[in-house]
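Asker: Quick one: the structure is below, questions incoming.
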Amino acid sequence: MEVRNVTEFVLLGLTSNPWSQVLLFVLFLVVYLLTLVGNLVMLMLTSTDAHLRTPMYFFLRYLSFTDAFYSSVIVPKLLRNLISEWKTISFLGCFIQIALVIFSGATEACLLSAMAYDRFQAVCHPLLYVVTMNGKVCSGMVAISGAIGMSVSLVNTLLLAQENFCGPNLIHNFACELPPVLSLVCSDPHTTIASILTTLVILGFGSLVLLLGSYSRIIKTALSVNSATGRSKIFSTCSSHFLVVTIFYGSGVFRYMTPASGSALEQVLSLQYSVVTPLLNPLIYSLKNKDVKAALRRMLSRKSRLTL
């Protein structure tokens with residue numbers, strides 16, 4: 001292995017203006033707290049409410065956990081750098097963050113695919129739904145999602161960590177992610193790039209094909225329903241998930257499919273899927289879902305009765 005000269009990286013962040021940094025600190029602190037509260041409430045509802053003991057909410061529980069975890073990987077370090085004079089991160093700390101970002105993103109992509117498959121079974125094969133999406137199947141799909149996320153994370157992070165980093169050590173981003181760190185490699189990164197591209201093709205486009213396949217069948221089934229009420233019910237059931245998928249893939253795929261340049265657009269896209277999306281997901285699922293809103297009212301009424 002070649003001698004590695006770089007022992008730490010400098011995260012250049014979003015801005016160098018002190019006043020802007022203070023405003024961004026307050027903004028991202030509020031966003032982070034709302035993200036934690038929203039996802040923890042969703043976790044609590046889907047875990048304790050008897051009316052939400054269905055496969056869809058089983059997957060939503062783990063999606064909420066993944067979102068809270070994903071946000072916690074990125075935002076605390078971002079907040080610290082906004083108020084700190086020294087915006088460095090150790091070599092080990094940077095690659096731990098990269099590994100956790102990849103794990104969270106890959107796991108979420110698999111969970112979103114599992115949720116799309118669940119909606120496909122519920123809409124297209126309602127009579128077999130309970131048998132097809134039983135507890136063992138759902139637990140297995142969640143376990144496989146986590147295993148894929150961990151495998152993808154370890155392979156890509158370890159390959160990148162073995163490259164030679166001789167300087168500069170300036171990362172044009174607010175966090176350690178694959179694209180900006182890969183641009184700092186001094187050695188020939190063809191093996192690492194091949195691994196990243198393989199991951200994007202197999203995991204990214206593979207899960208996207210499953211998503212598109214599931215939703216094309218759902219739309220076809222919905223259009224064949226004679227009742228306008230029936231069609232509306234199908235589309236309203238799937239609209240929340242489809243919106244979440246669009247936001248997640250729209251920003252994530254574009255971010256990882258383009259070379260790192262440190263542009264403002266890249267940072268906006270990184271913020272979109274690592275900070276904003278974990279905040280939006282519980283809001284989307286709660287505001288557009290009658291069952292979740294009813295469960296929240298039941299939980300609040302129980303708490304009010306306990307306080308009286």
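The values are calculated or read from the model by the stated rules, or taken from the named source; none is laboratory data. Note that the structure is predicted; figures quoted are calculated from it, not measured. Reconstructed Cβ throughout: ideal geometry from the backbone, glycine too, with neighbour counts over all protein chains shown. Just the protein is used for accessible areas: all its heavy atoms, side chains included, with ligands, DNA and RNA removed. Shrake-Rupley method; radii C 1.70, N 1.55, O 1.52, S 1.80 Å.
Asker: Quick one: compute the contact order of the chain, relative version, from alpha carbon pairs under 8 angstrom and 6+ residues apart, as a percent.
Answerer: This gives 28 percent for the chain.
Asker: Report Leu200's accessible area, 1.4 Å probe, all protein chains in place, as a number in Å² to the nearest 10.
Answerer: Approximately 40 Å² for this residue.
Asker: List the cysteines in the chain whose Cβ has no other cysteine Cβ under 4.7 Å from it.
Answerer: Result for the chain is Cys110, Cys124, Cys138, Cys238, no neighbouring Cys Cβ within the cutoff.
Asker: How big is the Cα convex hull of the chain in projection, averaged over all directions, in nm²?
Answerer: With the hull built on Cα positions only, its mean projection is 18.5 nm².
Asker: Quick check: pseudo-label points 7 Å beyond the Cα along Cα→Cβ at Val268 and Arg53, how many nm apart are they?
Answerer: 4.7 nm
Asker: Okay, next question. Filter the DSSP H helices in the chain by two things, a Kyte-Doolittle mean of at least 1.0 and an axial alpha-carbon span of 24 angstrom or more, and list the hits by number.
Answerer: 18-48, 91-124, 135-161, 206-224
Asker: In what sequence, largest accessible area first, do Thr54, Thr157 appear using a 1.4 Å probe?
Answerer: Most to least solvent-accessible, the answer reads Thr54, Thr157.
Asker: Given R₀ = 35 Å, what would the calculated FRET efficiency be for Trp19 paired with Leu40, taking r from the Cβ atoms and rounding to 0.05?
Answerer: 0.60
Asker: Continuing with the same structure: Please report the accessible area of Ile218 (heavy atoms, 1.4 Å probe, ligands and nucleic acids excluded) in Å², nearest 10.
Answerer: That residue has around 0 Å² of solvent-accessible surface.
Asker: Less than 30 Å apart at the alpha-carbon level, and either on another chain or at least 8 residues along: which lysines does that give for Lys290?
Answerer: Cα-Cα hits under 30 Å: Lys136, Lys220, Lys233, Lys303.
Asker: Over all pairs of distinct alpha carbons, what does the Kirkwood formula give as the hydrodynamic radius of the range 1-53, in Å?
Answerer: 15.2 Å
Asker: I would also like to ask the following. Simple spin-label model, 7 Å along Cα-to-Cβ: Glu85 to Ala228 in nm?
Answerer: 6.8 nm
Asker: Then there is this: Express the carbon and sulfur contribution to the solvent-accessible surface of the chain as a percent, rounded to the nearest whole number, probe 1.4 angstrom.
Answerer: Percent of accessible area from carbon and sulfur atoms in the chain: 72.
Asker: Okay, next question. How do Trp19, Trp86 stack up against each other in accessible area, from largest to smallest, with a 1.4 angstrom probe?
Answerer: Result, largest first: Trp19, Trp86.
Asker: Round to a whole angstrom and tell me the spacing of the C-alpha centers of the range 191-235 and the range 78-156.
Answerer: 17 Å
Asker: At a probe size of 1.4 Å, how large is the accessible area of His172, to the nearest 10 Å²?
Answerer: Answer for His172: close to 100 Å² accessible.
Asker: Additional query: Pull up the cross-link candidates among the aspartates and glutamates for Lys293, meaning alpha carbon to alpha carbon under 17 Å and not fewer than 8 places away within one chain.
Answerer: Qualifying aspartates and glutamates at Cα under 17 Å: Asp49.
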